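Working notes, beginning with the structure itself.
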Amino acid sequence: MTELNLVQVDNPTLEKEYQYFKNVSPKASNKSSRQQYLKELEEIFKMSDRKHDGMIDKQEFRILIKGYFDMKGICATKENFDTYFDKLDINHDQRISFQDFVRFMDQVTENDIIPFLSEEMQNRNLFQDYKQSNTSNSQ
């Protein structure tokens, strides 16, 4: 989410988004949520692979990431696309694999999204309420 959009998000939605990303993280203990997330990423990847060659080129990547970021309310720019694509395209063949895409999404989740949501939850003093809610739900 962009900072502007996040300010307009109510606390229950923020907590829900935080929990979602924590559950789909590669560090998550809930393996079923992670597996469902990977299936969703695979479907998104396959839909974006318009040439059906198991790889995504730069144009397909822009469409894929723009769609995902739009769905999550994250602001993306052409510079973001190019920077991310270049980071993913390790062998510089102008194509990325599904494994590269998953690694990218995990990095974005771990390095950008979770810290951003965590900071906002901290700013709103939601962690105490969040922890109490999760403790009572697990009993």
Item checked: Using a Förster distance of 35 Å, the FRET efficiency for Ile90-Thr13 (Cβ separation, nearest 0.05) -> 0.45
Notebook entry, point to check: If you take all C-alpha pairs in the stretch 3-138, what percent of them are over 20 Å apart?
Noted result: 51 percent
Notebook entry, point to check: With each pseudo-label sitting 7 Å past Cα toward Cβ, what's the Arg34-Tyr20 distance in nm, one decimal?
Noted result: 2.0 nm
Margin query: Give me the net charge for the shell around Lys46: Cβ to Cβ below 13 angstrom, other residues only, Lys and Arg +1, Asp and Glu -1.
Written below: -3
Item checked: Net charge contributed by nearby residues that have their C-beta within less than 14 Å of Phe81 (K/R +1, D/E -1) -> -2
Next item on the list: Would you calculate the separation in nanometres between label points at Lys51 and Thr77, each defined as 7 Å from the Cα along the Cα-to-beta-carbon direction?
Entry: 2.9 nm
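Read the figures in this text as sums done on the coordinates, not as results from a lab. Just so it is clear, the structure is predicted and the values come from calculations on it, not from any experiment. In this analysis, Cβ positions are derived from the backbone assuming ideal geometry, glycine residues included, and neighbour counts consider all displayed protein chains.
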